[in-house]
1. So is residue 38 farther than 15 Å from residue 172 by Cβ and either modelled with pLDDT under 95 or in contact with a helix residue (DSSP H, G or I) (Cβ under 6 Å, 6 or more places away or on another chain) (or both) or not?
2. Given the conditions (1) touching a helix residue (DSSP H, G or I) at 6+ places or on another chain (Cβ under 9 Å); (2) surrounded by fewer than 19 Cβ atoms within 10 Å (Cβ to Cβ); (3) more than 20 Å from residue 57 (Cβ to Cβ), and given that residue 180 satisfies all but one, which numbered condition is not satisfied?
3. Can you name the number of the only condition in (1) in contact with a helix residue (DSSP H, G or I) (Cβ under 7 Å, 6 or more places away or on another chain); (2) farther than 14 Å from residue 174 by Cα; (3) at pLDDT 95 or above that residue 102 fails?
4. Looking at the structure I just gave you, is residue 48 at pLDDT below 95, under 17 Å from the mean Cα position of the chain (by Cα) and either closer than 25 Å to residue 197 by Cα or surrounded by fewer than 22 Cβ atoms within 10 Å (Cβ to Cβ) (or both)?
5. Has segment 105-117 got any residue that is touching a strand residue (DSSP E or B) at 6+ places or on another chain (Cβ under 8 Å), exposed (fewer than 15 other Cβ atoms within 10 Å of the Cβ) and in a loop (DSSP other than H, G, I, E, B)?
6. What is the number of the single condition among (1) crowded, with 23+ Cβ neighbours inside 10 Å; (2) in contact (Cβ under 8 Å) with a residue 60 or more places away in the chain; (3) closer than 22 Å to residue 209 by Cβ that residue 28 does not meet?
7. Does residue 78 qualify as being at pLDDT 95 or above, touching a strand residue (DSSP E or B) at 6+ places or on another chain (Cβ under 7 Å) and within 23 Å of residue 215 (Cα to Cα)?
8. Which condition does residue 80 not pass, out of (1) under 17 Å from the mean Cα position of the chain (by Cα); (2) more than 25 Å from residue 159 (Cα to Cα); (3) crowded, with 22+ Cβ neighbours inside 10 Å, if it passes all the others?
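The values are calculated or read from the model by the stated rules, or taken from the named source; none is laboratory data. This is a predicted model, so every value here is computed, not measured. Cβ coordinates were reconstructed from backbone atoms using ideal geometry, including for glycine residues, and neighbour counts include every protein chain displayed.
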């Protein structure tokens with residue numbers, strides 16, 4: 001049986017508790033461009049981790065590498081989720097293993113209603129996230145279940161994208177720029193939802209340019225600079241460290 005390796009000696013591993021998701025020495029390229037340069041960190045079950053950095057630091061590329069999207073191309077490293085090795089899996093296999101990526105563009109399927117978008121993603125029979133439970137979490141989607149998904153507002157589309165990921169009974173939610181283009185009141189609503197699913201045990205990685213909002217939501221933070229980890233620790237420590245925020249987050 002495959003057993004998750006012990007990465008606790010790695011300098012970037014700030015926490016000592018067993019990791020639920022382990023990313024170890026991952027290197028990835030876009031063509032000849034060396035984007036992810038030996039990234040390592042742990043995520044513990046039920047926590048929210050903010051993956052931060054300036055534009056071009058490698059945040060989205062790291063998230064896509066974890067999800068095994070195939071672009072960027074991972075050339076080295078290991079990714080383990082709940083004792084399962086993901087690093088040799090395809091994106092389809094990694095999704096079945098429990099990863100749910102919500103991309104920045106949301107990718108709502110044209111021509112399908114809200115409910116059809118959710119049904120298409122849902123495993124049969126649903127184990128944890130039935131349509132009723134999804135609509136309880138996102139009542140606005142329940143009200144618009146027969147409306148075509150692409151005609152929803154930006155905030156509603158983001159809710160649908162998150163709900164669609166949850167419908168696959170995932171173990172880890174990967175969010176790429178979930179606040180992009182949304183009004184602050186909608187961001188507040190999405191954050192309340194993320195806290196609610198955290199209380200129910202969901203593990204989440206959030207990549208977000210609005211670093212302060214992401215840090216206020218998160219338990220821990222990993223900061224990248226030119227494809228490498230420069231900080232791995234408490235989100236509160238980043239919020240209280242003006243020098244760190246200025247140097248690596250420009251805030």
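1. no
2. Unmet condition: (3).
3. For residue 102, the failing item is (2).
4. It is false that residue 48 is at pLDDT below 95, under 17 Å from the mean Cα position of the chain (by Cα) and either closer than 25 Å to residue 197 by Cα or surrounded by fewer than 22 Cβ atoms within 10 Å (Cβ to Cβ) (or both).
5. Yes - at least one qualifying residue is present in segment 105-117.
6. Here residue 28 meets the rest and fails (2).
7. No.
8. Among (1) under 17 Å from the mean Cα position of the chain (by Cα); (2) more than 25 Å from residue 159 (Cα to Cα); (3) crowded, with 22+ Cβ neighbours inside 10 Å, the lone unmet condition for residue 80 is (3).
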